[in-house]
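**Student:** The structure that follows is given in the form of structure tokens.
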Amino acid sequence: MLPIPYGRQHITEADIQAVTETLQSDYLTQGPKVAEFEQKFASYIGSSYAVAVANGTAALHLCALALNVQPGHRVITTPITFAASANCVLYCGGEVYFADIDPVTGLLDLQQVRRLLESQPKGYFHGLIPVDFAGLAVDLEQARALADEFGLWIIEDSCHAPGAYFTDSQGQQQRCGNGKFADLAIFSFHPVKHIATGEGGMITTNDPVLYEKLLMLRTHGITKDPAKMHRNDGGWYMEMQLLGYNYRMPDMLTALGISQLERADEGLVRRRQLAARYDEVFATMPAVTPLAGAPGHAYHLYVIQVPDRKGLYDFLREKQIFAQVHYIPVHTMPFYQELGWQFGDFPKAEAYYAQCLSIPLFPSLTDEQQAYVIACIQEFVQR
Ligand SMILES: *Cc1c(COP(=O)(O)O)cnc(C)c1O
């Protein structure tokens with residue numbers, strides 16, 4: 001039963017078989033399983049296209065490249081995210097800006113984004129990278145309206161949110177990454193994420209031009225399609241037209257992804273069930289404040305806020321419960337401080353960070369383990 005991590009992958013016999021089968025096939029790097037995973041993932045998410053890549057960070061980098069981020073481009077994201085959401089802008093020579101969070105949800109506060117946008121002439125900012133933090137879907141319909149008003153593109157960082165949705169103004173459920181409002185969306189298949197392949201990532205979009213560009217950028221900017229070439233020297237000929245990378249996801253890992261995707265909904269049901277139990281218990285503990293829930297929440301993380309976060313973190317470790325903190329605000333990292341950001345710039349994000357703790361939540365967490373986690377938290381807050 002112990003130790004209990006905050007998140008972990010779930011690998012079945014079927015997963016193992018799917019991987020070993022590809023080892024006996026002709027393809028170790030990009031092969032037929034990549035196309036199959038992309039097609040199945042797009043259909044799960046509801047987007048027109050999907051592009052599998054090496055990891056979530058590579059997905060962000062390719063999105064920034066596909067959207068032409070370059071020196072002089074300014075992009076806004078949230079300080080409460082994994083650093084990669086912001087770093088992708090810097091990879092391309094652009095500048096990162098932050099807006100503060102809504103402390104109730106932990107998400108980027110679109111009112112704060114509006115304030116920032118209005119503080120500069122139109123055209124000053126180029127893009128927006130909202131994050132479906134913890135698995136709670138950003139209201140992308142509102143984000144899109146704001147982005148359109150100020151001429152911004154949107155990359156939705158959906159690493160926490162495969163299967164999550166928000167309800168739009170027409171009462172329709174809109175899945176994270178479905179391409180209806182964001183130009184591009186990205187996912188990660190790191191072991192703690194919903195679908196685990198070790199390393200792996202996905203970009204989804206409904207834009208055929210961006211899709212074609214992403215396919216090229218993923219493999220060195222090279223095309224082998226005679227219809228797209230400037231010239232054709234013969235059967236061997238291929239053409240490098242863009243400065244791309246090797247960001248491919250291998251067939252072995254996409255086979256694992258396909259197998260995991262088949263259990264995605266099952267995992268989501270279990271995550272929501274565990275979260276509902278936590279909600280119920282913490283409603284009776286005034287010292288513990290969870291982030292806001294929602295019917296479409298995918299519960300990548302279950303985040304509570306407590307006054308003595310360090311005390312609880314250390315106490316849980318003694319009990320062999322390995323909680324984690326998501327996230328140390330990006331603007332407080334020494335690297336970003338060297339760029340000029342300072343403590344105090346985003347007080348709500350900093351206040352959230354001072355109290356937040358992600359407690360164990362993953363599909364294979366048993367009722368017994370969850371009861372133990374709850375009992376330990378109860379013991380701590382009643383001391
Ligand atoms: C995991 C994660 C990433 C990066 O994904 P990798 O596959 O680890 O590169 C980016 N953004 C968020 C919000 C993440 O949780």
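The values are calculated or read from the model by the stated rules, or taken from the named source; none is laboratory data. Model, not experiment: these values are computed from the prediction. Counting neighbours? That spans all protein chains shown, and the Cβs are built from the backbone with ideal geometry, glycine included.
**Student:** Just give me the residues in the range 56-78 being closer than 19 Å to Leu116 by Cα and more than 12 Å from the ligand (Cβ to nearest atom), in sequence order.
**Tutor:** Initial filter on the range 56-78 (closer than 19 Å to Leu116 by Cα): 72-78.
Gly72, His73, Arg74, Val75, Ile76, listed by residue number.
**Student:** Looking only at the range 170-184, filter to residues that are part of a loop (DSSP other than H, G, I, E, B) and either within 11 Å of the ligand (Cβ to nearest atom) or among the polar types (S, T, N, Q) (or both); which one of those is surrounded by the most Cβ atoms within 10 Å (Cβ to Cβ)? So that I can check it myself, show each step before the final result.
**Tutor:** From the range 170-184, those part of a loop (DSSP other than H, G, I, E, B) are 170-172, 176-183; that's our starting set.
Pick out the ones that are also either within 11 Å of the ligand (Cβ to nearest atom) or among the polar types (S, T, N, Q) (or both) and you get 170, 172, 178.
Values: Gln170: 7, Gln172: 11, Asn178: 23.
Restricting to residues being part of a loop (DSSP other than H, G, I, E, B) and either within 11 Å of the ligand (Cβ to nearest atom) or among the polar types (S, T, N, Q) (or both), the top hit is Asn178.
**Student:** Which of the residues belonging to the range 151-169 are out of contact with any helix residue (DSSP H, G or I) (no Cβ under 9 Å at 6 or more places or on another chain) and in a loop (DSSP other than H, G, I, E, B)? Can you show your working first?
**Tutor:** Keep residues of the range 151-169 that are out of contact with any helix residue (DSSP H, G or I) (no Cβ under 9 Å at 6 or more places or on another chain), which gives 151, 165, 167.
Passing the criteria: only Gly151.
**Student:** Determine the pairs where a residue that is touching a residue at least 24 places away in the same chain (Cβ under 8 Å), located within the range 141-166, has a partner that is in a helix (DSSP H, G or I) and of a type in the set (Ser, Thr, Tyr) with Cβ atoms under 8 Å apart, the partner being 6 or more residues away or on another chain.
**Tutor:** These pairs meet every condition: Asp157/Ser85; Pro162/Tyr44; Gly163/Tyr44.
**Student:** Okay, moving on. Anything in the range 100-136 that is at positive phi and touching a residue at least 60 places away in the same chain (Cβ under 8 Å)? List them, or say none.
**Tutor:** Of the residues in the range 100-136, the ones at positive phi are 106, 123, 134-135.
Gly106, Ala134, Gly135, listed by residue number.
**Student:** So if I check each of Ala287, Ala371, Ala292, Ala349, which one is in a helix (DSSP H, G or I), surrounded by 14 or more Cβ atoms within 10 Å (Cβ to Cβ) and outside the structural domain of Thr78 (by TED's automatic domain parsing)?
**Tutor:** Values: Ala287 fails: in a helix (DSSP H, G or I); Ala371 fails: surrounded by 14 or more Cβ atoms within 10 Å (Cβ to Cβ); Ala292 fails: in a helix (DSSP H, G or I).
Result: Ala349 is the single residue among Ala287, Ala371, Ala292, Ala349 that is in a helix (DSSP H, G or I), surrounded by 14 or more Cβ atoms within 10 Å (Cβ to Cβ) and outside the structural domain of Thr78 (by TED's automatic domain parsing).
**Student:** Given the criteria touching a residue at least 60 places away in the same chain (Cβ under 8 Å), of a type outside the set (Gly, Ala, Ser), farther than 20 Å from Gly72 by Cα and in contact with a Leu (Cβ under 8 Å, 6 or more places away or on another chain), does Leu184 qualify? I'd like the intermediate steps shown before the answer.
**Tutor:** On the way: touching a residue at least 60 places away in the same chain (Cβ under 8 Å): yes; of a type outside the set (Gly, Ala, Ser): yes; farther than 20 Å from Gly72 by Cα: yes; in contact with a Leu (Cβ under 8 Å, 6 or more places away or on another chain): yes.
Against the criterion (touching a residue at least 60 places away in the same chain (Cβ under 8 Å), of a type outside the set (Gly, Ala, Ser), farther than 20 Å from Gly72 by Cα and in contact with a Leu (Cβ under 8 Å, 6 or more places away or on another chain)), Leu184 qualifies.
**Student:** Go through (1) out of contact with any Gly (no Cβ under 8 Å at 6 or more places or on another chain); (2) in a helix (DSSP H, G or I); (3) not small (Gly, Ala, Ser) for Met216 and report which single condition fails.
**Tutor:** (1) is the only condition that Met216 fails.
**Student:** Right, something else. Within the range 1-30, track down each residue that is assigned to a loop (DSSP other than H, G, I, E, B), over 23 Å from Pro162 (Cβ atoms) and of a type outside the set (Ser, Thr, Tyr).
**Tutor:** Hits for the range 1-30 are Met1, Leu2, Pro3, Gln24, Asp26, Leu28.
**Student:** Conditions: (1) within 16 Å of the ligand (Cβ to nearest atom); (2) in a strand (DSSP E or B); (3) more than 22 Å from Asp265 (Cβ to Cβ). Phe187 meets all but one. Number of the miss?
**Tutor:** Going through (1) within 16 Å of the ligand (Cβ to nearest atom); (2) in a strand (DSSP E or B); (3) more than 22 Å from Asp265 (Cβ to Cβ) one by one, Phe187 breaks only (3).
**Student:** Okay, moving on. Answer yes or no: is there a residue in the range 202-211 that is over 15 Å from the mean Cα position of the chain (by Cα) and within 16 Å of the ligand (Cβ to nearest atom).
**Tutor:** Looking through the range 202-211, none of the residues is over 15 Å from the mean Cα position of the chain (by Cα) and within 16 Å of the ligand (Cβ to nearest atom).
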